[in-house]
Amino acid sequence: MTTSTALKPRQRRGSMKRARRWQTALHYLLLAVVSLFFFLPVYYLIIGSFRPSSEVLSGLSGFVPTNLSFDNYRGVFDHLSSDATGHFGQFAAVSIIVTTAVVAGSLIVNSMAAYSFARMQWRGKKIIFLLVVVLTIIPFEAVALPLYYMFSGQRDTIAIQAIPFIANAFSIFLFYTFFLDVPGEIEEAARLDGAGPLRTFFQVVVPITKPAFATVAILTFLAQWGSYLWPVLMVSDPTVRPLPLAISIFQNQQPPEWGQVLAFGTMFIVPVLAVFLIFQRWFVASISSSAVKG
Amino acid sequence: MTTQTQQLQAPAAPVRRPPKSGLTGHRFAGPLFASPALLGLAIFLVAPFVLAVVLSFYRVQLNSPRPARFVGFEQYTRLFTDPDLAAAFGQALLNNFTFALIVVPVQTLLALALAVLVNRQLRGMVVFRTFIFMPLVFPLALTAVIWRLIYSRGDQGLLNALLGLFSGGTITSHDWLGDPATALGAIIVMSIWQSVSFQMIIVLAALQSVPAELYEAASLDRASKWAQFINVTVPGIRNTLIFVALITTIFSFRLFDQVYLLSRSGSVDRNSTETVMTQIINTGFDNNNVGQAAAMTVIFMLIITVIAIIQRAAARQRGGIQ
């Protein structure tokens, strides 16, 4: 190609190739800049959690991984060592229990309702399903205050943190769209085998609609793990305080120990980040299927 | 669908097979399957929603010895005429609208740009995508804490240090969250950081579902890449873009976590960042003025409903074609 005997078409191809290479280089550059924007705060959180508090807020050297130690992590546990402050382990346990209960409960309850709407015949079904679809537009924020008014007697319990979030109109709708695609022959075969609706659903339908369950599980998990507004209203006792509320209180300590705050944040997010890295494809798939429209 | 489900429900249940449990008495199976979820929705969504409307007509406090007093539309009229309240509520509404006005176009376009950027087979793309998707799993409370440090005032703050480096020291110590001029902008950036990849994933799925033949036809017509983008890609994902814009609008009005957390820590200018939601919680929870907050809730709900109706209409307009 470099020789002068190069033919015209070859020359053109050569310049096109060069142009494409430039394009690709530019593409990579853009990708790198964008990735940096999204990743730097994550990096800063994790690196800062291993550095002395005095060096977390020190200009650009906040990014430099020097003087690394686990002191901040020890500091978090030392700091949160009385019943008045609560314990980190307790916060995490509350978040794990509440989130697990909501995810598990919502998978069972909402899938059954959706199955009933998608595959069974009963009187009043259509109008009730329409109501459920209308309910999908009510965000939790719109009912948070009256709900607090209704259940103020249950404040500071684990149950009230979880139960209101189990039934979810949007999850029902998501399941519904998946169940519509289940071939009727499969259910028919189950019926001929003598299976009732419960067995048909749990032993025949559920196993072939696992993606629906993964989708709802992931979306419910993300919403619940970060739930903040409801605990603000319902929780004042540190022993039942979930992580998002706990970090918002922990970051307000005086004098601020920024290294510890970042260590707290790292412990809050790293398990989730690990799960995300392993199941990234599922996360992405579940979000894109959340865009199904009525 | 109906034919299949009718078979399931056919009353000709074989007599020789007695029901194995109560539920297999098929007659009530449908309502029974639906009832736990319906009960939950009735108690935790419909009831408080109705209660909000009712409470908005009363002067009422939680745990107060004084009984609730019916005041008609007074809570609503006060919201818009009482000088103490109207100014603050108007400001909160204005902040929400400003937030939406900036975030909706910016985030939708950004989501599109990012989706185009990662929708190409390149070596190492998986890694880039992972970086971009990462903030998705960050709870807003944690996001606010991290960005609070990034924004911290003084030349030790990360953003100030970064800008100082690029500007040769002319910008060094701006109080991004404390200055009314930049506080809302700072919250906008952190919100976009956390949530744009959500919208981007939805757009990406739409991009990949545009039929490849359309692109082939366009390139046979020697359409440039840009012309292809405008004439093939954008029409192909139009509905998705509308959908994304509308869910982002609704997100904008639900804005609460970041603002409440930051205002609690006193690090953000309150007046320029207060939202309808933070005001509902301040009024109803912190100040125990439940009736007033309920009226705000009803107005909040009206706004959300209008947006949702627009969304439905926009989706239906094109729905018949596909």
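The values are calculated or read from the model by the stated rules, or taken from the named source; none is laboratory data. As the structure is a prediction and not an experimental result, all values here were calculated from the model. For neighbour counting, all protein chains shown are included, and Cβ atoms are generated from backbone atoms with ideal geometry for every residue, glycine included.
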Reported set for the stretch B:137-153 where residues are of a type outside the set (Phe, Trp, Tyr), under 25 Å from the mean Cα position of the chain (by Cα) and more than 7 Å from every other protein chain (Cβ to nearest Cβ) is B:Thr143, B:Ala144, B:Arg148
Out of the residues in the stretch B:248-275 that are part of a loop (DSSP other than H, G, I, E, B) and away from chain A (no Cβ under 12 Å), state the one that is surrounded by the most Cβ atoms within 10 Å (Cβ to Cβ). B:Val268
Restricting attention to the stretch B:122-151, the residues that are assigned to a loop (DSSP other than H, G, I, E, B) and surrounded by fewer than 23 Cβ atoms within 10 Å (Cβ to Cβ) number exactly 3
Has the stretch A:236-251 got any residue that is facing chain B (nearest Cβ under 7 Å) and touching a Lys or Arg at 6+ places or on another chain (Cβ under 8 Å)? yes
Need at least 2 residues that are in contact with a Phe, Trp or Tyr (Cβ under 8 Å, 6 or more places away or on another chain), under 15 Å from A:Ala92 (Cα atoms) and not polar (S, T, N, Q) per element, so show me which helices (runs of 4 or more DSSP H) inside the stretch A:201-268 make the cut, counting only ones lying wholly within it. A:243-250
Go over the candidates A:Thr239, A:Thr266, A:Thr209, A:Thr215 one by one and state the one that is over 30 Å from A:Ser152 (Cα atoms), touching an Asp or Glu at 6+ places or on another chain (Cβ under 9 Å) and of a type outside the set (D, E, K, R). A:Thr209
Taking the stretch A:49-62 as the search range and keeping residues that are facing another protein chain (nearest Cβ under 8 Å) and part of a helix (DSSP H, G or I), which one is surrounded by the most Cβ atoms within 10 Å (Cβ to Cβ)? A:Val56
Filter pass, A:Val261 being more than 21 Å from the chain's Cα centre (by Cα), at the interface with chain B (Cβ under 7 Å from one of its Cβ atoms) and in contact (Cβ under 8 Å) with a residue 12 or more places away in the chain: yes
So which residues in the stretch A:125-165 are surrounded by fewer than 19 Cβ atoms within 10 Å (Cβ to Cβ), in contact (Cβ under 8 Å) with a residue 24 or more places away in the chain and more than 9 Å from chain B (Cβ to nearest Cβ), if there are any at all? A:Val133, A:Gln154, A:Arg155, A:Asp156, A:Thr157, A:Ile158
For the stretch B:154-180, what are the residues that are more than 7 Å from chain A (Cβ to nearest Cβ), touching an Asp or Glu at 6+ places or on another chain (Cβ under 9 Å) and hydrophobic (A, V, I, L, M, F, W, C)? B:Leu177
So which of A:Val272, A:Val216 is within 8 Å of chain B (Cβ to nearest Cβ) and on the phi < 0 side of the Ramachandran plot? A:Val272
Do we find a residue being at pLDDT below 95, out of contact with any helix residue (DSSP H, G or I) (no Cβ under 6 Å at 6 or more places or on another chain) and either within 17 Å of B:Pro36 (Cα to Cα) or part of a loop (DSSP other than H, G, I, E, B) (or both) anywhere in the stretch A:95-115? no
Considering only residues of the stretch B:277-292 that are at the interface with chain A (Cβ under 9 Å from one of its Cβ atoms) and within 21 Å of the chain's Cα centre (by Cα), which is nearest to B:Asp84 (Cα to Cα)? B:Ile280
Could you grab me the full set of residues in the stretch B:186-225 that are modelled with pLDDT under 90, assigned to a helix (DSSP H, G or I) and not hydroxyl-bearing (Ser, Thr, Tyr)? B:Ala212, B:Glu213, B:Leu214, B:Glu216, B:Ala217, B:Ala218, B:Leu220, B:Lys225
Of the residues B:Ser173, B:Ser191, B:Ser197, which single one is touching a helix residue (DSSP H, G or I) at 6+ places or on another chain (Cβ under 6 Å) and under 26 Å from B:Asp257 (Cβ atoms)? B:Ser197
Looking at A:Val240, is it under 24 Å from A:Val76 (Cα atoms) and in the same structural domain as A:Ala159 (by TED's automatic domain parsing)? yes
Where in the stretch A:134-195 are the helices (runs of 4 or more DSSP H), entirely inside, with at least 3 residues that are assigned by TED's automatic domain parsing to the domain that holds A:Val102 and under 21 Å from A:Leu219 (Cβ atoms)? A:140-150, A:169-179
Residue under question is A:Ile287, and the condition is that it be crowded, with 20+ Cβ neighbours inside 10 Å, touching a helix residue (DSSP H, G or I) at 6+ places or on another chain (Cβ under 6 Å) and within 30 Å of A:Glu187 (Cβ to Cβ); does it hold? yes
Within the stretch B:103-121, is even one residue part of a loop (DSSP other than H, G, I, E, B), within 10 Å of chain A (Cβ to nearest Cβ) and free of Cβ contacts under 8 Å to residues at least 12 places away in the same chain? yes
Single residue of the stretch A:104-124 satisfying the filter (surrounded by 24 or more Cβ atoms within 10 Å (Cβ to Cβ) and more than 7 Å from every other protein chain (Cβ to nearest Cβ)) that is nearest to B:Gly30 (Cα to Cα): A:Ala114
Consider the stretch A:166-202. How many of its residues are of a type in the set (Phe, Trp, Tyr) and facing chain B (nearest Cβ under 8 Å)? 1
